[in-house]
């Protein structure tokens, strides 16, 4: 089941102009290739640490003059069906701020900072908070009962940055505190443009059990700044703007919807968090089911994935998911495959233990497999103890006549099956995998 995701750029499409390229292509049309070459030269990655250059003089940030530093918003939020999802797209959020550095020249470079000194000027951004939800009614009819509500939240403030469309990680060469690559200025390059592009978006599955998406709600909130930084100038904000994207709209039977416009205003508050993980890495998602019966229609792995975030954010949803898990009585089957035996002569007597419970997986030779199965209570004593920080420690044991070799494997929440893990048990080597039922 797909989840809402905090995104800031649509996926790259062959032959289609990407958001980060749009300001450059616009400049090319207006001013020609020479201007583009100058812009690209200015926007080389700053030195490690986020900015700087040679020299040790002082620089007065009031010498930096900005024109058109506020973002522009093109259009309203809209929704469209794409495959099995409804995709919500915010309008393009663009800044193209003109910059003039009005520092006096001198024998040691501008304002005594040193010949060749560089000042980086660019955009910063913090996500102040995000809450999104999609509501599902039976058959997509708002007059019929609600099946559930798919929810996500980001508890800000957290750093924001442009991401790579493929990896969803921070784009290459973009380092804190910058949202995207800053523009470099020097004694010989006193004018230029600072660019910023964002396009928040999310998605919801069209269907949830026998429900169909009929409505979305929520809001993302941001503070965006334009700041300067050099070796002798700590990060100094020059202009700030707070803005929000509303997600509320009705979704029709085709999966389309027309939402509201983004809104914003200038602010004196600076983006409060400009390092650490980006907001998209801290998003929590879950579904608030209307009943235990609705929750039980979901696979065990889905319910476990929702359990931790719901426990933190939504007590009612958590109680429903927990009761569904208890009634489903799921089991985890742990399979051991012997790649190299520990016992030179006989087969390996392999046991699997979790908490105080231990089962024999089998007497196994090279290439053979054995399985041990545990229920939720054997693994956790009480399923109510599970949260997003829970880890499950699995003991893999080879027990011989007078010796016992043990390896331990830690499986972290939400305990999703992955490729087989390799463990060394004495001189033997086993592969461990697990599945839920």
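Every read-out reported here was derived from the displayed coordinates using simple, explicitly stated rules and does not represent laboratory data. Remember, it's a predicted structure, so these values are computed and weren't measured experimentally. Quick reminder, even Gly has a Cβ in these numbers, built from the backbone with ideal geometry, and neighbours come from all protein chains shown.
For the peptides 240-251, 74-85, 334-345, the ranking by packing is 240-251, 334-345, 74-85, with the highest mean count of neighbouring Cβ atoms within 10 Å listed first.
Taking every eigenvalue of the Cα gyration tensor of the stretch 256-352, multiplying by 5 and rooting it, what semi-axes result, largest first, whole Å? Write down the numbers at each step before the final one.
Values: eigenvalues 389, 124, 31 Å².
For the stretch 256-352, the semi-axes come out at 44, 25, 12 Å.
Under the rule a/c < 1.5 gives rounded, and otherwise a/b versus b/c splits prolate from oblate, where does the stretch 331-436 land using the Cα gyration tensor? Verdict is prolate for the stretch 331-436. Remark: relative contact order (the stretch 331-436) = 33 percent; criterion is Cα-Cα distance under 8 angstrom and separation of 6 or more residues. For the stretch 374-430, the share of alpha carbon pairs falling in successive 5 Å distance bins from zero is 4, 15, 22, 21, 16, 13, 7, 2, 0 percent.
Given a cut-off of under 8 Å on Cα pairs at least six residues apart, what relative contact order in percent is computed for the stretch 144-226? The normalised contact order for the stretch 144-226 reaches 24 percent. Cβ crowding within 10 Å, taken as a proxy for footprinting-reagent exposure, orders 151, 326 from fewest neighbours to most as 326, 151. Highest mean first, the peptides 166-176, 310-320, 203-213 sorted by other C-beta atoms within 10 Å per residue fall in the order 203-213, 310-320, 166-176.
Rounded, prolate or oblate for the stretch 199-337? Axes are the square roots of the Cα gyration tensor eigenvalues, ordered a ≥ b ≥ c, and the cut-off for rounded is a/c under 1.5. The partial results should precede the final answer.
Details: a/c = 3.11, a/b = 1.70, b/c = 1.83.
Cα axes put the stretch 199-337 in the oblate bin.
The stretch 220-280 and the stretch 361-437 have Cα centres separated by 45 Å.
Could you sort the peptides 219-227, 293-301, 394-402 by per-residue average Cβ neighbour count (10 Å cutoff), highest mean leading? Please report the intermediate quantities before stating the final value.
Numbers: 219-227: 23.7, 293-301: 18.2, 394-402: 16.3.
The densest-packed peptide leads the list: 219-227, 293-301, 394-402.
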